[in-house]
Amino acid sequence: MVMNTILEIIIIILLAAIIGLFFLGLSRKIMARIHWRYGPPIAQPVIDIIKLFNQTSMSHGKLFNFGIIFSLSGSVVVLLFLPLGEMCPLSSSGGLLVILYCMLIAPLGLALSGGEAANPITSIGISRKFLLAFGYELPLLLILLTVMTHFNTISIVDIVNMQLQTGWSFQHLPLLLSGIAYILILPAILDLRPFELIQAPQEISSGPMIEYGGKFLALATIQHAFNVFISLSLFTNLFLGGAENPGYFFLKMLIVFIILLFVNAVTPRFRIEQAIKFLWRWPALLAFAGLIIVSVTG
Amino acid sequence: MDRNKLGKWLQSPGKMGQKYSLHALYFCTGCGIIEIPPTITARWDAERFGVIPVATPRQANLFLITGYVSVKTLRPIIRSYEQMPEPKFTVGFGSCPINGGMYWDSYNTIKHLDKYIPIDGWIAGCMPRPEAVFVAVTHLWTLIDKGMADGYKKYREDYHYYRENQEKILGKLEWPPLFSSKKM
Amino acid sequence: MNHTGTSLKENLLSYFDDILVEISDEHRLTISCKKDSVITILSSLNRNGYNHLALISCVDWIKDNELELVYIISAYTEDSEKGKMNILVKTKIAREKPELLTVMSIYENAEPYERELHELYGINFKGHPRLIPLLLEREYEIPPFRKDFDTRKYVQDVFDKIPFVEDKKGRK
């Protein structure tokens, strides 16, 4: 039983890394095709990571090394609480509340290590990151509250199972509203345009990443890949009926991601106050409406 | 291009990674930077060779110096070069960094850039076309394959010579030496 | 010939006696004056609405042993005839120890121009708050834009004297 759980944990982490990196490569390829370019091979993020591990890397102190590992492990912890089909090593306990807490560990770790680098641009990037997190955490909280109230449980496994009986969450009106709200805040979570203001290479020279090089940048890329997997699979689990089988699950994530990429390819970047204004107006309003309908109708 | 050959990847992953993931730092000096936007965007698409621009020297391993180098820009060029992680490759773009080009008798322009930092390859021309960048990249691949793109090793070995030359032109440098060991 | 230019010419000639005003083109007025009256001419032009200093330029007349400064002035105004006017105020100063009063009290944007002229021609602007180098890193014995500055010799003395690293290694 214990062996089985450990095996599941390893498989989930590997699968998340592979799918996340595949999504990153796919995003570069699709963006290239939208620009009428040929584009890099889909394995380009993997090539980058192999190269980065073979470079010398410059450390800025103990906290710099610790913070990036802290952030990566935060993402891994969230992974273990997410059900992937039959595989759900830790999701029987905790559920959505734990995920909500643990999702903040990753940006905190990056902020810790970026702060140690003591570059002024890093501080701009980190302050933007937390302001943006402040922006999307409110709608996210309302969305999760709506889902929990509707299904009367906090366990994701139960939510997925109930969707198998009653159909996808998208078919119920209040959850449709919060689903749309989740799609609206997804670019902010994934650092895609129009909310690509954390890295913003043209503006603040890739923000918190400016002092990362070598293996630190590789770990940060892997963390980003995990982040892509986490937010997409949370959406799929909550609103698109979860995983009947792994291939189908992957297909759902892919479709959502490609829609986000199309938006990413054609939109410019918000300023930070515009982003907060947007996030606190439309997604928050939709999620709040969903929450009221759920609590009134029971 | 042997990017798809798995055997080579297993044999020497470091070398193959360096070849096919060149993160380029474009130093925008002079007119060469006009040629760079078409190179990296839709018309010529450098990304299919794995060459993408990055915004900070910490993430870069290819340094493109595009155009003439004045005395004032030499200082940030040296600083950026020293911040890049090893292995790093430098390419001088255009005839001005090679021998001064049309600024051959200018009072304020560096004539031979390789006196101050090591250069792995040159792209001659005034200005070179974007295709020349790709020729340079493919040539750099063969150099990496043969282990001949070793400018960063030269910089490590002969650092005090380079530092001496830099101090001759810039006066006292305000940052401490990168490598302390002094082999004579 | 437009009315604005001629009226301005008459106006200026009635106020100042030792100046030469010439209408050199349809919208161009050239004023040649002594170096002491530059400030008064510029301030009277500024009071008349010509409130934009576009450039301060300098010419080295090495045979006459003089430096000629050119202040190019135009106006931001709704009056289209006045807006098209370009006024060149020219003055000549000695090449040895050239000195001039700063015009920063009249046109504040003269600051970088005067710093540039100071380092490229060696003109000392009295009253300028910070005459520090603007573009150059090195110090030159003769300011580099003067005609007697031999660029080829300078390059041979400075840049070509620096040895290639390979040569250095070979010699040692």
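Contact order normalised by length for the stretch C:1-137, with contacts defined as Cα pairs under 8 Å and 6 or more residues apart; what percent is it? Don't skip to the answer; put the middle values down first.
Values: 223 pairs, mean separation 27.2, N = 137.
RCO, the stretch C:1-137: 20 percent.
If I ignore ligands, DNA and RNA and count only protein heavy atoms, how much of A:M253 is accessible to a 1.4 Å probe, in Å² to the nearest 10?
0
Residues of the stretch B:90-113 with amide nitrogen under 20 Å from the 7 Å Cα-to-Cβ point of B:A124?
B:90-105, B:111-113
By DSSP, what percent of the beta bridges with both residues in the protein assembly as shown are antiparallel, rounded to the nearest 5? It would help to have the intermediate numbers written out before the result.
Values: 24 of 47 bridges.
The antiparallel fraction comes to roughly 50 percent.
Please work out the average accessible area per residue across the protein assembly as shown, using the 1.4 Å probe convention, and give it in Å².
For the protein assembly as shown, the solvent-accessible area averages 46 Å² per residue.
Could you compute how much accessible surface B:K146 exposes when probed at 1.4 Å, giving the result in Å² to the nearest 10?
Taking all protein chains as shown, B:K146 has close to 150 Å².
Not counting the cut sites, what is the longest span of chain A without trypsin sites (Lys or Arg not before Pro) that DSSP labels loop and that have at most 16 other Cβ atoms within 10 Å? Present the calculation step by step, with values, prior to reporting the outcome.
On the way: sites that count: A:R269, A:R271.
That gives A:1-268 as the longest site-free run.
Using a 1.4 Å probe on protein heavy atoms only, how many Å² of accessible area do C and B hide from each other, summed over both chains and rounded to 100?
2300
If each DSSP helix of 4+ residues adds -39,500 (n - 2.57) and the sum is divided by the residues in chain B, what number results at 222 nm, nearest 500 deg cm²/dmol?
-11500 deg cm²/dmol
Could you work out how far helix B:130-146 tilts from the main Cα principal axis of chain B, as a 0 to 90 degree angle to the nearest 10?
The angle comes out near 80 degrees.
Report the chymotrypsin sites (Phe, Trp or Tyr not before Pro) located in the stretch C:6-79 that are in a DSSP loop and have at most 11 other Cβ atoms inside 10 Å of their Cβ, or state none.
C:Y76
What pairs from C:K90/C:K161; B:K172/C:K153; C:K84/C:K126; A:K62/B:K146; B:K168/C:K153 go past 29 Å between their alpha carbons?
Correct reply: C:K90/C:K161; C:K84/C:K126; A:K62/B:K146.
Under 8 Å for C-alpha pairs, at least 6 residues apart: give me the relative contact order for chain A, rounded to a whole percent.
It comes to 28 percent, rounded to a whole number.
Tell me, which longest segment in chain A has none of the GluC sites (Glu not before Pro) that fall in DSSP loops with at most 15 further Cβ atoms within 10 Å? Please report the intermediate quantities before stating the final value.
Details: sites that count: A:E86, A:E244.
No qualifying site falls inside A:87-243, the longest such stretch.
How much accessible surface does C:R152 have with a 1.4 Å probe, in Å² rounded to 10?
So the heavy atoms of C:R152 present about 80 Å² to solvent.
Of A:F216, C:F145, which has the most accessible area and how do the rest follow, probe 1.4 Å?
Values: A:F216 15, C:F145 95 Å².
From most exposed to least exposed: C:F145, A:F216.
Got a sec? Charge dipole of chain A, +1 on Cβ for Lys and Arg, -1 for Asp and Glu; which of A:I105, A:F249, A:G115 is way out at the positive end?
A:G115
Kindly sort C:K35, B:K5, C:K82 by accessible area of their heavy atoms, largest first, with the probe set to 1.4 Å.
On the way: C:K35 90, B:K5 115, C:K82 45 Å².
If we order C:K35, B:K5, C:K82 from most to least accessible, we get B:K5, C:K35, C:K82.
How large is the dipole of chain A about the Cα centre if only Lys and Arg carry +1 and Asp and Glu carry -1, each at its Cβ, rounded to the nearest 20 debye?
Result for chain A is approximately 720 debye, rounded to the nearest 20.
Translational diffusion coefficient, Stokes-Einstein: compute it for the stretch A:158-298 using the Kirkwood radius over C-alpha pairs as Rh, at 37 °C and 0.692 mPa s, and state it as an integer in µm² s⁻¹.
Reported coefficient: 196 µm²/s.
So what is the relative contact order of chain B, in percent, for Cα pairs below 8 Å that sit 6 or more residues apart?
It comes to 19 percent, rounded to a whole number.
When only DSSP loop residues count, what chymotrypsin sites (Phe, Trp or Tyr not before Pro) in the stretch B:122-152 have their Cβ near at most 13 other Cβ atoms within 10 Å?
Passing both the DSSP loop test and the Cβ count: no residue.
Between the alpha-carbon centers of the stretch A:137-203 and the stretch B:5-43, tell me the distance in whole angstrom.
Each part's Cα centre sits 38 Å from the other's.
When the dipole is taken about the Cα centre of the stretch A:7-120, and only Lys, Arg (+1) and Asp, Glu (-1) are charged at their Cβ, what size is it in debye, to the nearest 20?
Roughly 480 debye for the stretch A:7-120.
Considering every Cα-Cα pair within chain C, what fraction, in whole percent, is farther apart than 30 Å?
31
Based on Cβ point charges of +1 for Lys and Arg and -1 for Asp and Glu, what charge dipole magnitude is obtained for the protein assembly as shown about its Cα centre, in debye rounded to the nearest 20?
For the protein assembly as shown, the charge dipole is close to 1580 debye.
Do any residues of the stretch B:1-36 lose at least 10 Å² of accessible area when the full set of protein chains is present rather than just their chain alone, and if so which, with a 1.4 Å probe?
For the stretch B:1-36, once contacts with the other chains are taken into account, B:R3, B:W9, B:P13, B:G14, B:G17, B:Q18, B:Y20, B:S21, B:H23 lose 10 Å² or more.
Kindly provide the helix-only [θ] at 222 nm of chain A, computed as the sum of -39,500 (n - 2.57) over DSSP H runs of four or more divided by all residues, to the nearest 500 deg cm²/dmol?
Result for chain A: -25000 deg cm²/dmol, rounded to the nearest 500.
In Å² (nearest 100), what accessible area is buried between A and B, both sides summed, heavy protein atoms only, 1.4 Å probe?
On the way: alone 13800 and 9820 Å², together 21520 Å².
The contact between B and A buries close to 2100 Å².
Between the stretch A:42-119 and the stretch A:218-249, what's the alpha-carbon centroid distance in Å?
Answer, in whole Å: 14.
Could you pull out the pairs from B:K15/B:K111; B:K15/C:K169; B:K72/C:K35 whose alpha carbons sit more than 31 Å apart here? Mind dumping the intermediate values first?
Values: B:K15/B:K111 33 Å; B:K15/C:K169 29 Å; B:K72/C:K35 34 Å.
Check vs 31 Å cut-off fails for B:K15/B:K111; B:K72/C:K35.
Towards the positive end of the charge dipole of the protein assembly as shown, with charges on Cβ (+1 Lys, Arg; -1 Asp, Glu), say which of B:I78, A:G207, A:L15 has the farthest Cα.
Farthest towards the positive pole: A:L15.
The values are calculated or read from the model by the stated rules, or taken from the named source; none is laboratory data. A quick note: this is a predicted structure, and the numbers were derived from the prediction, not measured. Every residue, glycine among them, receives a Cβ derived from its backbone with ideal geometry; neighbour counts consider all protein chains shown. Just so you know, the surface numbers come from the protein's heavy atoms only, side chains and all, with ligands and any DNA or RNA stripped out. Shrake-Rupley method; radii C 1.70, N 1.55, O 1.52, S 1.80 Å.
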